[in-house]
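Working notes, beginning with the structure itself.
Read-outs: derived from the displayed coordinates by stated rules, not from any lab. All figures in this text were calculated on a predicted structure; none of them were measured in a lab. Methodologically, a virtual Cβ is constructed for each residue, glycine included, from the backbone with ideal geometry; neighbour enumeration extends over all protein chains shown.
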Amino acid sequence: MEGESYGNEVLPEHTKLNHSICSKNDTFVACESAVTWSHQSKLGDGCEHLFLDVGSNIGMHARFLFEPYLYRPRHLYDDILDNEFGVDRIYRRENMCVVAFEPNPTHRQRHQELAAAYARQGWRYHAFYAAVRGGSRDTGGVEKLVFYRNDNHANNDWGFSIGTMHSGNAHVEKIEVATVDLSQFIMEHVAQTVTRPRRVLMKMDIEGSEYTVLPYMLANDAFRYVDVITAEFHHWSRGFDFIKNSVHISQAESVEFANMFPHLLKAVCSTTFQTVDDESFLFDGQKLPI
């Protein structure tokens, strides 16, 4: 199903929220505001702090942002969120926004439930059920990308990726997903806002696609609107294939890129880069707020 448009892009179906989820209680006005935000044309508008969770899996990092007290002992991303959005962020949650990108259809219901539960609290959370890409091609509609479920749903599908990790694996499942041009998204939903966010943090864990997305973002000046990015680089022994297997990046080339990119990013713009892989509380275990 196709969703709303931005620019020349047709976005894939995204989290649908309506005002009926807002019950008549103390948080009614805040809930109405959060639902309205999820449908506005520029998602970064009015957000004091914006967290872009690119490759969000089941949305744990959004929970770390809004509900840090549920997840102890402290973990690496708790420190990052404290540094970027403040240790007192739970007292300013109505000013924070999360936009998540997750292509795995297995997690769609989880994100719908998370968005609805957070809206009822007056917290702004929006999920796109799509992979991110670097660049656009004229395909006449929503661009698709083939993903592979490599691990038969083990570890919350953290092996859901653009390539097969193990040859001859009987549990590999091929799935076609919609994509979003991340640079274009940032330019329209962050750069073109009336009131630009004071602080933008991006977390990226996209299982190999970083080697096409990051250079394109840098070339298109999208990082000018991102203050900090944390990312995990993947280094498969088989390397990575892109653009219908016509471009191959070897393991050695992926390691070289990972070593070089933070320095290049610092030289070209003021964005801070941290190599981070935080899989804390992978299976959650905490109930959503009522």
Any chance you could check the Cα centroid distance between the stretch 79-98 and the stretch 27-43 for me, in angstrom?
19 Å
Farthest towards the positive end of the dipole of the chain, among A231, T36, S270 and with Cβ unit charges of +1 on Lys and Arg and -1 on Asp and Glu, lies the Cα of T36
I need the peptides 273-281, 54-62, 101-109 ranked by packing, meaning the mean over residues of other C-beta atoms within 10 angstrom, with the highest value on top.
54-62, 101-109, 273-281
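Could you work out the helix-only [θ] at 222 nm for the chain, with each DSSP H run of four or more residues adding -39,500 (n - 2.57) and the total divided by the number of residues, to the nearest 500 deg cm²/dmol?
On the way: 7 runs with 74 residues, N = 290.
Result for the chain: -7500 deg cm²/dmol, rounded to the nearest 500.
Please report the relative contact order for the chain, taking Cα pairs under 8 Å with a sequence separation of at least 6, and give it as a percent rounded to a whole number.
On the way: 533 pairs, mean separation 61.1, N = 290.
Worked out over the chain, it gives 21 percent.
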For an R0 of 25 angstrom, estimate the FRET efficiency from the Cβ-Cβ distance between L76 and S237 and round to the nearest 0.05.
0.45
Can you list the lysines whose alpha carbon sits under 23 Å from that of K287, skipping same-chain ones fewer than 8 residues off?
K16, K24
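By count of other Cβ within 10 Å, fewest leading, how are V268, V98, V29, V35 ordered? Don't jump to the answer; show the numbers that get you there.
Working: V268 13, V98 27, V29 10, V35 21.
The order, fewest Cβ neighbours first, is V29, V268, V35, V98.
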So the angle from the long Cα axis of helix 76-85 to the longest Cα principal axis of the chain, reported in degrees to the nearest 10, equals 60 degrees
Pick out which of A252, A100, A30 has the largest mean-square fluctuation in a Gaussian network model of the chain, springs linking Cα atoms closer than 10 Å.
A252
Row for the stretch 197-264, column shape: gyration tensor on C-alpha, a ≥ b ≥ c, rounded if a/c < 1.5 i.e. under 1.5, prolate if a/b over b/c, else oblate; value prolate
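Assuming R0 = 30 Å, what is the FRET efficiency of A252 and S280, from their Cβ-Cβ distance, to the nearest 0.05? Kindly include the intermediate steps, with their values, before the conclusion.
Numbers: r = 30 Å, r/R0 = 1.01.
So the FRET efficiency works out to roughly 0.50.
Work out how much length S270 to N25 would gain on full extension: take 0.36 nm times their residue separation and subtract the Cα-Cα distance, in nm to one decimal. Mind dumping the intermediate values first?
On the way: separation 245, 0.36 × 245 = 88.20 nm, distance 4.38 nm.
Once the chain is fully extended between S270 and N25, it gains 83.8 nm.
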Is the chain best put as rounded, prolate or oblate by its Cα gyration tensor, with a ≥ b ≥ c the root eigenvalues, rounded for a/c under 1.5, and otherwise prolate when a/b is larger than b/c, oblate when not?
rounded
Can you compute log10 of I(q)/I(0) for the stretch 1-90 with the Debye formula, treating each Cα as one identical point scatterer, at q = 0.14, 0.23, 0.25 Å⁻¹?
-0.70, -1.29, -1.32
Could you state the angle between the C-alpha long axis of helix 108-121 and the longest principal axis of the C-alpha atoms of the chain, as a value from 0 to 90 degrees rounded to the nearest 10?
30 degrees
Tilt of helix 28-37 relative to the longest C-alpha principal axis of the chain, in degrees (0 to 90, nearest 10)?
30 degrees
Please give the Cα centre distance for the stretch 192-206 versus the stretch 222-270, rounded to the nearest Å.
20 Å
How much of the DSSP bridge set in the stretch 174-290 is antiparallel, in percent, rounded to the nearest 5?
25 percent
Singleton cysteines, the chain, no second Cys beta-carbon under 4.7 Å -> C269
Could you name the aspartates and glutamates whose alpha carbon sits less than 15 Å from that of K144, not counting residues in the same chain fewer than 8 places away?
E2, E9, E13, E102, E176, D181
Set Lys and Arg Cβ to +1 and Asp and Glu Cβ to -1, take the dipole of the stretch 35-100 about its Cα centre, and tell me which of P73, H49, M96 lies farthest positive.
P73
About the Cα centre of the chain, what is the dipole size in debye to 20, counting +1 per Lys and Arg Cβ and -1 per Asp and Glu Cβ, all else neutral?
460 debye
